[in-house]
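> After the structure tokens below, expect a handful of questions from me.
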Amino acid sequence: MRIEDKWEDGILYSVEFQVSLKGTLKIIRKNIVLPEELDFFELEKLVKKSFNLVTKVLSVEYYDEVLLLKK
């Protein structure tokens, strides 16, 4: 049995972004796992599309390679 039979590759990113909630700016920090490597601008676009009220993406850091269990 090969690793690829049970696992998928993924990339772990640490993302920090700013949201506007009722006139107050709040900073959110999240770790995100994606199936492929993206550059800053692609990830920025994904964060703005996927989370509500994002005013600015402050940082995106490549963190590590991970394995995701296949369903």
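Rule-based calculations on the coordinates, nothing more; no lab input. Please read all numbers here as calculations on a predicted model, not as lab measurements. Using ideal geometry, Cβ is built from the backbone for each residue, glycine included, and neighbour counts are taken over all protein chains shown.
> Find out how many positive minus negative residues lie around Glu44, taking Lys and Arg as positive, Asp and Glu as negative, among other residues whose Cβ is under 12 Å from that of Glu44.
+1
> Here is a further query. Could you give the size of the charge dipole of the chain about its Cα centre, using +1 on the Cβ of each K and R and -1 on the Cβ of each D and E, expressed in debye and rounded to the nearest 20?
On the way: 12 positive and 13 negative charges, 137 e Å.
Rounded to the nearest 20 debye, it is 660 debye.
> To the nearest 10 degrees, how steeply does helix 40-50 sit against the main Cα axis of the chain, on a 0 to 90 scale?
So the inclination is approximately 70 degrees.
> So between Trp7 and Lys48, what do we pick up on full extension, going 0.36 nm a residue minus the alpha carbon distance? Show your work: numbers first, answer last.
On the way: separation 41, 0.36 × 41 = 14.76 nm, distance 2.88 nm.
Contour length minus the Cα-Cα distance gives 11.9 nm.
> Another one. Among (i) 86; (ii) 112; (iii) 95, find the value of volume of the Cα convex hull per residue in Å³ that was calculated from the structure presented, and write down its label.
Comparing each candidate, only (i) matches the computed number.
> Distance cut-off 18 Å, Cα to Cα: go down the list Lys22/Lys56; Lys22/Lys45; Lys26/Lys48; Lys45/Lys70 and report the pairs above it.
Values: Lys22/Lys56 16 Å; Lys22/Lys45 23 Å; Lys26/Lys48 15 Å; Lys45/Lys70 27 Å.
In this structure, Lys22/Lys45; Lys45/Lys70 lie more than 18 Å apart at Cα.
> With springs only between Cα atoms under 10 Å apart, run a GNM on the chain and tell me which of Leu38, Leu21, Leu46 wobbles the most.
It is Leu21.
> Counting other Cβ atoms within 10 Å, which GluC sites (Glu not before Pro) in the chain have at most 10 and lie in a DSSP loop? Could you put the intermediate results ahead of the total?
Working: sites: Glu4, Glu8, Glu16, Glu36, Glu37, Glu42, Glu44, Glu61, Glu65; in loops: Glu36, Glu37.
Those that pass, being in a loop and sparsely packed, are Glu36.
> If amide hydrogens are placed 1.01 Å from N in the peptide plane, which non-local residues have theirs closer than 5 Å to the one on Trp7?
Here the answer is Lys70, since their amide H atoms fall under 5 Å of that of Trp7.
> Also: Could you give the nm distance between label points at Leu38 and Leu21, where each point is 7 Å from its Cα heading toward the beta carbon?
Label-label distance for Leu38 and Leu21, simple model: 2.3 nm.
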